[in-house]
Amino acid sequence: MAITINLTVLIAKRGISSKELSRLIGINEQNLSLLKNGKVKGIRLETLNQICKHLNCQPGDILIYTEDDDEENDDKEQA
């Protein structure tokens, strides 16, 4: 399973800087950068809530699920 974070596009569309968003949601700029670049293994629900609140969006606008090729092959083998 691959879940990607579509934060860079949303930030640009909303016309807010990463610095301002990090201040509003209560995380430092370095952690926001890691989040934007998909370098994190998880996200706290409170952080996701704050991002949605300040970008006026839904979690599904930020988190994108794509199935890995390995998972497709595993599903076929189990069938």
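Just so you know, all these numbers are worked out from the coordinates, no wet-lab data involved. All of these numbers come straight from a predicted model, not from anything done at the bench. Note: ideal-geometry Cβ built from the backbone for every residue, glycine included; neighbour counts use all protein chains shown.
For the subset of segment 1-24 comprising residues that are touching a residue at least 12 places away in the same chain (Cβ under 8 Å), part of a helix (DSSP H, G or I) and not basic (Lys, Arg), which member is nearest to residue 67 (Cα to Cα)?
7
Suppose we filter segment 25-49 for residues that are over 15 Å from residue 59 (Cα atoms) and in a helix (DSSP H, G or I); how many remain?
Qualifying residue count for the region: 6.
From 36, 53, 41, which residue is out of contact with any strand residue (DSSP E or B) (no Cβ under 6 Å at 6 or more places or on another chain) and under 12 Å from residue 6 (Cα atoms)?
Step by step, each of 36, 53, 41 is checked, and only 36 is out of contact with any strand residue (DSSP E or B) (no Cβ under 6 Å at 6 or more places or on another chain) and under 12 Å from residue 6 (Cα atoms).
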